[in-house]
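Here's the structure we're looking at; comments come further down.
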Amino acid sequence: MDATRDILMGWHRQGHALADIYLSGIGLAAQLLGERWLSDEVDFVHCTIAHSRLHQTLHEFSAEFLSEGCAQPNGLNLLLMTEPGSHHGLGVFMLSEFFRHSGWNVTLCSPQDMAEFKRVFQSDWFDAVTLSMSTDRHLDAVAQALSDILPLLVNPNLKVYVGGPMAQIAPLRLSWPGTCLLNGKADEAVAIVTQSVKKADRQP
């Protein structure tokens, strides 16, 4: 991972856009790491250390990346949440960076259990919620929670999106009523969510 970090920093010094470094560098490195983990080429310890170093690189770039984005907030609020008990924080943090870069106010949350998942969901007014599902452990519980929560939300026009690794692995299992699937890159997800929310706001 030291070599990967050196390459990323080298791209930055050469003037490559941070958005490209995020997507084609850090994002691709994380994807390859996940594939090596699934094929048992790396163990849990090395995988965790590698993800931690990629996450640290994102933090190092964060201030500069956000300064390149919208000068003014767009007035939209997003809840970006992982599945309960998730330890996969790299992807959601990167996605939060792209939303903030586009002017969104982002609440980033990794709930410990389903009770906290429900509580955070109902804690504030959000224009959109994006859920990142990394495993199949909580699919049934999250589906049931959404069925219970969505009719009771403060914002009746709330847009709920579901993405993460499971959107690539088993998209049909995320076909939940009242939600939309996101399975593209971070910048594409931001464009889709922003356009959808603004379109809904313009409708009478």
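List the helices (runs of 4 or more DSSP H) inside segment 106-204, counting only whole elements, that have at least 2 residues being under 26 Å from Ser24 (Cβ atoms) and out of contact with any Ser or Thr (no Cβ under 8 Å at 6 or more places or on another chain). I'd like the intermediate steps shown before the answer.
On the way: elements: 114-121, 139-149, 165-169, 186-202.
Output list reads 165-169, 186-202.
Going by what's in this entry, would Val162 be described as more than 16 Å from Asn77 (Cβ to Cβ) and of a type in the set (Val, Ile, Thr)? The answer is yes for Val162.
Is segment 69-78 home to any residue that is closer than 24 Å to Asn155 by Cα and under 16 Å from the mean Cα position of the chain (by Cα)? Talk me through it step by step, then tell me what you get.
Let us first name the residues in segment 69-78 that are closer than 24 Å to Asn155 by Cα, namely 72-78.
Going one step further and asking which of them are under 16 Å from the mean Cα position of the chain (by Cα), we end up with 77-78.
Checked against the condition, which is being closer than 24 Å to Asn155 by Cα and under 16 Å from the mean Cα position of the chain (by Cα), segment 69-78 yields at least one hit.
Among residues of segment 79-102 that are farther than 22 Å from Leu158 by Cβ, those with a Cβ under 6 angstrom from a residue that is part of a helix (DSSP H, G or I) and of a type in the set (Gly, Ala, Ser), sequence gap 6+ or separate chain, pair up as Leu90/Ala30; Met94/Ala186. Going residue by residue through segment 79-92, is there one that turns out to be hydrophobic (A, V, I, L, M, F, W, C), surrounded by fewer than 17 Cβ atoms within 10 Å (Cβ to Cβ) and part of a helix (DSSP H, G or I)? Taking every residue of segment 79-92 in turn, none turns out to be hydrophobic (A, V, I, L, M, F, W, C), surrounded by fewer than 17 Cβ atoms within 10 Å (Cβ to Cβ) and part of a helix (DSSP H, G or I). Check segment 48-71 and report whether any residue there is within 27 Å of Asp136 (Cα to Cα) and either among the β-branched types (Val, Ile, Thr) or outside any helix (DSSP H, G or I) (or both). Checked against the condition, which is being within 27 Å of Asp136 (Cα to Cα) and either among the β-branched types (Val, Ile, Thr) or outside any helix (DSSP H, G or I) (or both), segment 48-71 yields at least one hit. Contact map, segment 189-204: residues that are modelled with pLDDT of 90 or more paired with residues that are assigned to a helix (DSSP H, G or I), Cβ distance under 6 Å, separation 6+ or inter-chain. Pairs shown: Val190/Phe98; Val190/Phe99. Scanning segment 34-52 for residues that are within 16 Å of His87 (Cα to Cα) and surrounded by 14 or more Cβ atoms within 10 Å (Cβ to Cβ) yields Gly34, Trp37, His46, Cys47, Ala50, His51.
With the condition kept exactly as written, say whether any residue in segment 133-143 is of a type in the set (A, V, I, L, M, F, W, C) and farther than 15 Å from Ser86 by Cα. Yes, there is a match, as at least one residue in segment 133-143 is of a type in the set (A, V, I, L, M, F, W, C) and farther than 15 Å from Ser86 by Cα.
Conditions (1) closer than 19 Å to Leu79 by Cβ; (2) more than 17 Å from the chain's Cα centre (by Cα); (3) not assigned by TED's automatic domain parsing to the domain that holds Gln122, marked per residue:
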site: Ala145; (1), (2), (3): yes, yes, no
site: Leu152; (1), (2), (3): yes, yes, no
site: Asn155; (1), (2), (3): yes, yes, no
site: Met166; (1), (2), (3): yes, no, no
site: Ile169; (1), (2), (3): no, no, no
site: Trp176; (1), (2), (3): yes, yes, no
site: Thr179; (1), (2), (3): yes, no, no
site: Glu188; (1), (2), (3): no, no, no
site: Ile192; (1), (2), (3): yes, no, no
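Filtering Asp127, Asp148 for residues that are buried (at least 21 other Cβ atoms within 10 Å of the Cβ) and of a type outside the set (A, V, I, L, M, F, W, C) leaves a single hit, Asp127.
The values are calculated or read from the model by the stated rules, or taken from the named source; none is laboratory data. Being a predicted model, the structure only gives us computed values, none of them experimental. Ideal geometry is used to build each Cβ from the backbone, glycine not excepted, and the neighbour counts take in all protein chains shown.
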